[in-house]
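Q: Before I ask anything, let me first share the structure, which is written out below as structure tokens.
The values are calculated or read from the model by the stated rules, or taken from the named source; none is laboratory data. Please read all numbers here as calculations on a predicted model, not as lab measurements. Positions of Cβ are generated from backbone atoms using ideal geometry, with glycine treated the same way; all protein chains shown enter the neighbour counts. The area values use the complete protein model at the heavy-atom level, side chains included, leaving out ligands, DNA and RNA. Shrake-Rupley method; radii C 1.70, N 1.55, O 1.52, S 1.80 Å.
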Amino acid sequence: MKKLGLVTFMSGLMLSTSLQASSVYVRDIKINGLERVEPETVKSYLNIESGKAVSQDELDASLKQLYATGLFTDVVFDFSNNGQLNVEVVENPVINKRVFDGNEKIDDSLLETEVQLAPRSIYSKVKVQEDVQRILDVYKRSGRYAAVVEPKIIKRDQNRIDLVYEIDEGPIASINKINFMGNNHYTDSDLQNEIMSKESRWYRIFSSSENYDPEKTNYDKELLRRFYLKRGYADFRVVSAVGELSPDKKSFVLNYILDEGSRYKVKDIKIVSDISDVDTSAMMDEVDIENGDWYNADLVEKSVNNLTEELGKKGYAFVDVEPELVKNTKTGELDLTFHIKEGARIFVDRINITGNTRTHDEVIRREFRIEEGDAFNASKIRASRKNVENLNYFSKVNIETVPTDENKADINVDVEEKSTGYFNVGIGYSTVNGALVRAGVTENNFRGLGQQLGVDLSLSERASEYDISFTEPYFLDRRLRAGFDLFSTSTDYQDEASYDSDTLGGRMRLGWNYTDDLSQQMRYTLRQDEIKNVADDASMYIKDEAGKTTGSIIGQTTVYDKRDSAITPRDGYYLSFGNDVAGLGGDEKFFKFDGKAYRYYTLADYYTFKFFANAGYIVGYGGENVRLSNRYYLGGSTMRGFDTAGIGARDKYTGDALGGNWMLYTGAEMSFPIGLDELGIRGRTFVDAGMLGKPDGIDERYVNYSDSPRVAAGFGFQWLSPMGQIDVDIAFPIVKEDYDEIENFRLNFGTRL
């Protein structure tokens, strides 16, 4: 009797005389060692039949097929002298329990979605090793490159086992340093503000931005490319982006090597069309970039979308608009041509979304500029991808087009979710409110529906504020932003006007966009104001207003925003106009109008100028005067160089500020580098000018008042410090009244983690 196992086959199968022949007759097949698997299941994997001869190659193939099933730990073929083939098997055990041990930073639920082996599945050494690697990959994505996973087996009865993955998570491999090389026009600090990856700092304990992630680094390359292409650097490229792991696997150094290339201005813009009946001259209104502008890839892409949509309205469904650049590196100019071509007649079959374990499909789908059944359009797909990325819910967004038929294609969207919740804690000090403490929680993708929910608390020596806000960005399944705010504020105005003020109320909001730049918001506010703790020696005008009033106010604001960034604008302009009407119930009756205009311009890439003007007017009706809480005040953060409410009407005898019924505040500011960009410090110089109108119902015999302009000038700096933003300004009034209150030095210091 000869026994044949896998090792036997590897060293030479059928060593006996009977098996050295070209084939062997199999009289019968007997399966031994089975506990759970049926004999017929084993026979189905054998290339052998009873009553027939079998070759060595067929025996070899049968043995390998049985091992490949993963059902058996060992398989042995045994031929008896009477031609019976005995198949001896040892079944792999069944997993009774699968346990993760030692994982404190990553939940079991996440690891369970990654591994293959589960309770009641068949144990396999190969799959165990694959699962170990999958677990390690999860830890690498969270920045823990030193993690170790050891699989352990605990034997149970009935050929069952408990499978335990013992995990040593190790420390987070944080980003110790980020280096940029080749950036001649922008500082390291400028570029670090643009990318997702951040250097490790103690105040980022609630952020994952300092954890190294190759996917995040790849996205950083795209963010850098967008940054430069928006600013005229049409040849920019990231030569390499490499993360170097320290020997102890605890930290990374990121090195970005950049090639900025030349900066270009647009010399000439043309539209050419391969479609004969398209009037290209009439299409120029859809182009958002002009001759003489710095090249801006965002505006070019927006122009492509505008042209595509306009052509679609005219009945051209299958078009492709391609921007073509002809660059002159010597002059730093380029010619821009929008080429309209016939597109392939392909329709979108399905839009498939994967990777969104938390975010609902609809949240992603509604950001698409193209729908199932629409004509395929590459520019709309690019715009859709940008819209999904701008949600800021995902660390990765991949879109792939896959043909499914002669004239159909699927759009496959694969996303990788990231944290969308933020917890902020703050401590600080300002010359206005004194020491302060701030805390809040914000979730920008509440319930995975794209809703925004925020809760904030702020306490200082002078004021306390409580706010709850909620926004539904797609109200009634339309592009309508609906939401509400609940607020409570208590403020000490004893220094300015000898009273304290409490406000309690709520607001409902509804907003929409007419275009990408033009938006409007409607609102209704119901609030209760109380003037209390009025000092005995307070102004008679303040004493007259002591007590509670209710305001029922409906209003709107229209905004036209052409800034290059809403957070750190360097170019563009911002316009807004709002008006409110009080009197639909409540005690207050007034009309209010407000307007704002800002213009930003950056010279030589470093010197950013801001010109601004704010104006407002409020008037009572129905015999009602405008109350203190609704009037305008200038000074402090508005009109530097003057104390809070330091400008305007003031009681001659008590010095209490009484505000005004109209306001104009304007000025200019220039921010510039002072050699400390690496530390996030920039200098600034400014000129502020303002006027405050006369309040209702005052007698100038008892009140100092002048609506003449006040002017102040000064300098300061802004520091994006490890503890938060610090603003320091030193200002000196140039034009003022004797009774105005001055503040030459102003400090705002706060921490947000």
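Q: Filter LYS125/LYS249; LYS216/LYS418; LYS532/LYS592; LYS30/LYS125; LYS216/LYS562; LYS562/LYS596 down to the pairs with a C-alpha to C-alpha distance above 20 Å, please.
A: LYS125/LYS249; LYS532/LYS592; LYS30/LYS125; LYS216/LYS562
Q: If you take the beta carbon distance between LEU245 and SER109 as r and set R0 to 30 Å, what does 1/(1 + (r/R0)^6) give as a FRET efficiency, to the nearest 0.05?
A: The computed FRET efficiency comes out at 0.55.
Q: For a quick protection proxy, order the peptides 573-582, 101-110 by their average other-Cβ count within 10 Å, most packed first.
A: 573-582, 101-110
Q: Which order do THR331, THR401 take by accessible area at a 1.4 Å probe, largest first?
A: Descending order: THR331, THR401.
Q: For the pair ASP361 and LYS127, how long in nm is the line joining their label points, each one 7 Å along Cα→Cβ?
A: Going by the 7 Å Cα→Cβ label model, 2.8 nm.
Q: Place a +1 charge on the Cβ of each Lys and Arg in the chain and a -1 charge on the Cβ of each Asp and Glu, then give the dipole magnitude about the Cα centre in debye, rounded to the nearest 20.
A: About 1300 debye.
Q: With everything on Cα atoms, drop me the angle between helix 56-68 and the longest principal axis of the chain, reported from 0 to 90° to the nearest 10.
A: 30 degrees
Q: Out of the DSSP beta bridges found with both residues in the chain, what percent are antiparallel (nearest 5)?
A: Restricted to the chain, the bridges split so that about 85 percent are antiparallel.
Q: For the chain, take the longest principal axis of its alpha carbons; what is the angle in degrees between that and the long axis of helix 378-390, to the nearest 10 within 0 to 90?
A: The angle comes out near 70 degrees.
Q: Using 0.36 nm per residue, how much length does the chain from LYS64 to PHE591 gain when fully extended, once their Cα-Cα distance is taken away?
A: Using 0.36 nm per residue and subtracting the Cα-Cα distance, I get 181.0 nm.
Q: If you place +1 on the Cβ of every Lys and Arg and -1 on the Cβ of every Asp and Glu, how big does the dipole about the Cα centre of segment 489-570 come out, in debye to the nearest 20?
A: 620 debye
Q: Ordering ARG479, ARG365 from largest to smallest accessible area (1.4 angstrom probe), what's the sequence?
A: Final ranking, largest accessible area leading: ARG479, ARG365.
Q: To the nearest 0.05, what FRET efficiency results for ILE257 and ALA146 with a Förster distance of 30 Å applied to their C-beta separation?
A: In this case the efficiency is close to 0.65.
Q: What aspartates and glutamates sit close enough to LYS265 to cross-link, taking a C-alpha to C-alpha distance under 16 Å and skipping anything fewer than 8 places away on the same chain?
A: Within the straight-line cut-off, LYS265 pairs with ASP235, ASP288, GLU290, ASP293, ASP298, GLU324, GLU333, ASP335, ASP571, ASP605.
Q: How much accessible area per residue does the chain have, counting only protein heavy atoms and a probe of 1.4 Å, in square angstrom?
A: Per residue, the chain has 50 Å² of solvent-accessible surface.
Q: Between segment 279-337 and segment 75-139, how far is it from one alpha carbon centroid to the other, in angstrom?
A: Value for the Cα centre distance between the two parts: 58 Å.
Q: As I understand it, the dipole of segment 368-414 uses +1 on the Cβ of Lys and Arg and -1 on the Cβ of Asp and Glu, about the Cα centre. Which of GLY373, VAL397, ALA409 lies farthest toward its positive end?
A: VAL397
Q: So how much accessible area does SER637 have, in Å² to the nearest 10, using a 1.4 Å probe?
A: Its accessible surface works out to 90 Å², give or take rounding.
Q: Residue separation times 0.36 nm, minus the C-alpha to C-alpha distance between ASP28 and PHE347: what's the value?
A: Extra length from ASP28 to PHE347 when fully extended: 108.8 nm.
Q: Could you list which residues have their amide H under 5 Å from that of LYS270, counting only those 5 or more apart in sequence or on another chain, with H placed in the peptide plane?
A: Answer set, sorted by chain and number: LEU336, THR337, PHE338.
Q: So, in Å, what gap is there between the alpha-carbon centers of segment 341-386 and segment 605-681?
A: About 47 Å separates the Cα centre of segment 341-386 from the one of segment 605-681.
Q: Any chance you could look up the accessible area of ASP707 with a 1.4 Å probe, heavy atoms only, rounded to 10 Å²?
A: 70 Å²
Q: Set Lys and Arg Cβ to +1 and Asp and Glu Cβ to -1, take the dipole of segment 520-611 about its Cα centre, and tell me which of ILE542, GLN528, TYR607 lies farthest positive.
A: Among ILE542, GLN528, TYR607, the one farthest towards the positive end of the dipole of segment 520-611 is TYR607.
Q: Where in segment 354-381 is the amide nitrogen less than 18 Å from a point lying 7 Å along the Cα-to-Cβ axis of ARG225?
A: 378-381
Q: From the helices alone, meaning DSSP H stretches of at least four residues, give me the mean residue ellipticity at 222 nm for the chain, per-run term -39500 (n - 2.57), in deg cm²/dmol to the nearest 500.
A: That comes out to -4500 deg cm²/dmol.
Q: Something else now. Hey, what did segment 563-676 get for relative contact order, percent, Cα under 8 Å, at least 6 apart?
A: It comes to 22 percent, rounded to a whole number.
Q: Under a 5 Å amide H to amide H cut-off, with H placed in plane at 1.01 Å, what residues pair with ASP571 once short-range neighbours are removed?
A: Answer set, sorted by chain and number: ASP564, SER565.
Q: Working with all protein chains in place, sort LYS694, LYS267 by solvent-accessible area computed with a 1.4 Å probe, largest first.
A: LYS267, LYS694
Q: Can you tell me which of 390-398, 682-690 comes out highest on packing, and rank the rest after it, using the mean Cβ neighbours within 10 Å?
A: 682-690, 390-398
Q: Would you mind telling me the share, in percent, of accessible area of the chain contributed by carbon and sulfur at probe 1.4 angstrom?
A: 51 percent
Q: Might you work out the accessible area of LEU603 for me, using a 1.4 Å probe with all protein chains in place, and round it to the nearest 10 Å²?
A: 80 Å²
Q: What FRET efficiency comes out for the pair GLU624/ARG382, r = Cβ-Cβ distance, R0 = 56 Å, nearest 0.05?
A: After rounding to 0.05, the efficiency reads 0.55.
Q: Okay, next question. Need one number: nm distance between label points at ASP699 and ALA566, each 7 Å from Cα along Cα→Cβ, rounded to one decimal.
A: 5.0 nm
Q: Need one number: nm distance between label points at ASP516 and SER281, each 7 Å from Cα along Cα→Cβ, rounded to one decimal.
A: 2.8 nm
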